[in-house]
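Visitor: Okay, here's the structure, questions in a sec.
The values are calculated or read from the model by the stated rules, or taken from the named source; none is laboratory data. Given the structure is predicted, the values throughout are model-derived calculations rather than measurements. Neighbour counts are summed over all protein chains in view; Cβ atoms, including those assigned to glycine, are modelled from backbone coordinates with ideal geometry.
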Amino acid sequence: MSTKAYLQSVMDGVKKKDPAEQLFHQAVEEVLITLEPILDAQPKYMQNAIVERMVEPERVITFRVPWTDDKGQIHINRGYRVQFNSAIGPYKGGLRFHETVALSTLKFLGFEQTFKNSLTGLPMGGGKGGSDFDTRGKSEAEVMRYCQAFMTELYRHIGENTDVPAGDLGLGGREIGYLFGQYKKITNRYVGVLTGKGLEFGGSLIRTEATGYGVVYFAEEMMKLRGDSLKGKTCIISGAGNVGIHTAEKLLELGAKVVGMSDYSGAVYDEEGLTTEKIAYLKDLIFNKRGLLTEYVKKYTGAKHLPGKKSWSIPCYAAFPTSRENELDGNDAKELLKNGCKLVCEGANMPCSPEAITAFQQAKILYAPGKAANAGGVACSGLEMTQNSIRLSWTREEVDAHLHKIMQHIHSSCVNAYKEFGTDGDYLLGANIAGFKKVADAMLAQGIV
Ligand code: 2IT
């Protein structure tokens, strides 16, 4: 069987086993289409069924989460933890709280996480979890009770050397605090079993900023390799959450001009560009007041609000999707390209659809997949685990220096892999192959387990 036919048969097998899991299929396909050259070069991977093993999670846990709202009404939600791959370290990856969360979502994220964590160079396996629960519209007490109910089952499956969850969409520092409190209460152990903790109880400086900062460090490396920089370049961002805002902040620091952001109210086009003052305002609006971008245009009247729109119609040199999966489709890609976009760097997980990626590749613009470009978040989680283990807290400067180095290392791993196995500038192939190799070699060394 040719390698191509073999990869197709693995893909067919995945679809046949779980026909409804489309997001998972998409994530697997995005990796498999790039693996042919390394499988040809190293027959041992096919002979040992490494790819078949990698697409099957080691363990999937689903559980009932019963809780009571403020009126005394009982609700039942579903909790999950997908322990995808532990070849190179304990399972590591976030928890997503969102009404759309289903097993397919978490399998796609856990699969991606395995490659991403491998790329960081830190000893972390891949996992993901969460629940079909939305904190929006819930009271503070309801959110706390939900987190406690969720942890009352999850605690038996995790541990500082087994599986270390963190936050993801809909689950931030507030929820991590409640989850940590409940874990400690049940187990009577004070350990680094979660990351993204508050600074008072074992959290790391820079963890909040890390994903966004890392995305920009990665984009800057892509520019640097081509004798250029982000300085003076016009940029747009989708999303205005933790990743989006810190992407904007770091872009500004490097001298780029950020003219667009978005949230679920629509997009904001601020032609004059964000300033440090505007970012401080946005942080307060979004993190403290949980407000929307509609407020921004009331304060900064030079900016336009584009209701219900995403950022992709705003002309730019570089685009940073930081919101969620498939937020940038084939048509959006065409619009970006038409307006002269030259670089797309993913801050979210799988935000570009397969059609969008193909369009970027055909136009030969720079495209960085999330598993490489947004790995700064989980990398900083790894640094939080290190600090917890040695019972020390590093300074901002120390953590930021580590983060910057890790992003440079990920970038050069991608470049080395595309030079050896692909074509110049193919960061998707580079990230997939570099991430794959470390996990595959560890699996080979550990035998059929
Ligand atoms: O998608 C991601 O990399 C995360 N949500 C962060 C995971 C982590 O363990 O910090």
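Visitor: Would you confirm whether or not the stretch 91-100 contains a residue that is in a helix (DSSP H, G or I), within 11 Å of the ligand (Cβ to nearest atom), touching a strand residue (DSSP E or B) at 6+ places or on another chain (Cβ under 9 Å) and touching a residue at least 60 places away in the same chain (Cβ under 8 Å)?
Guide: Among the residues of the stretch 91-100, not one is in a helix (DSSP H, G or I), within 11 Å of the ligand (Cβ to nearest atom), touching a strand residue (DSSP E or B) at 6+ places or on another chain (Cβ under 9 Å) and touching a residue at least 60 places away in the same chain (Cβ under 8 Å), which makes the answer no.
Visitor: Here is a further query. Any chance you could count how many residues in the stretch 338-384 are in a loop (DSSP other than H, G, I, E, B), on the phi < 0 side of the Ramachandran plot and more than 16 Å from the ligand (Cβ to nearest atom)?
Guide: So the answer is 6.
Visitor: If you go through the stretch 48-62 one residue at a time, do you hit one that is part of a strand (DSSP E or B), touching a helix residue (DSSP H, G or I) at 6+ places or on another chain (Cβ under 6 Å) and surrounded by 13 or more Cβ atoms within 10 Å (Cβ to Cβ)?
Guide: Looking for residues that are part of a strand (DSSP E or B), touching a helix residue (DSSP H, G or I) at 6+ places or on another chain (Cβ under 6 Å) and surrounded by 13 or more Cβ atoms within 10 Å (Cβ to Cβ), one finds at least one in the stretch 48-62, hence yes.
Visitor: G72 fails exactly one of the following numbered conditions: (1) at positive phi; (2) assigned to a strand (DSSP E or B). What is the number of that condition?
Guide: (2)
Visitor: Check A141, A219, A210, A149 and return the single one that is part of a helix (DSSP H, G or I), within 19 Å of the chain's Cα centre (by Cα) and away from the ligand (no atom under 16 Å from the Cβ).
Guide: It is A219.
Visitor: Further, regarding this structure: Give the residues of the stretch 167-192 that are within 16 Å of the ligand (Cβ to nearest atom), aromatic (F, W, Y) and more than 22 Å from the chain's Cα centre (by Cα), sorted by residue number.
Guide: Y183, the sole residue that qualifies.
Visitor: Then there's this: Tally the residues that are over 12 Å from C380 (Cα atoms) and surrounded by 20 or more Cβ atoms within 10 Å (Cβ to Cβ), restricting the search to the stretch 198-215.
Guide: Residues that pass the stated criteria total 2.
Visitor: Scan the stretch 171-192 and tell me whether some residue there is of a type outside the set (F, W, Y), closer than 29 Å to G308 by Cβ, at pLDDT 95 or above and buried (at least 24 other Cβ atoms within 10 Å of the Cβ).
Guide: yes
Visitor: For the stretch 361-370, state whether one or more residues are touching a Gly at 6+ places or on another chain (Cβ under 9 Å), among the basic types (K, R) and crowded, with 16+ Cβ neighbours inside 10 Å.
Guide: Looking for residues that are touching a Gly at 6+ places or on another chain (Cβ under 9 Å), among the basic types (K, R) and crowded, with 16+ Cβ neighbours inside 10 Å, one finds none in the stretch 361-370, hence no.
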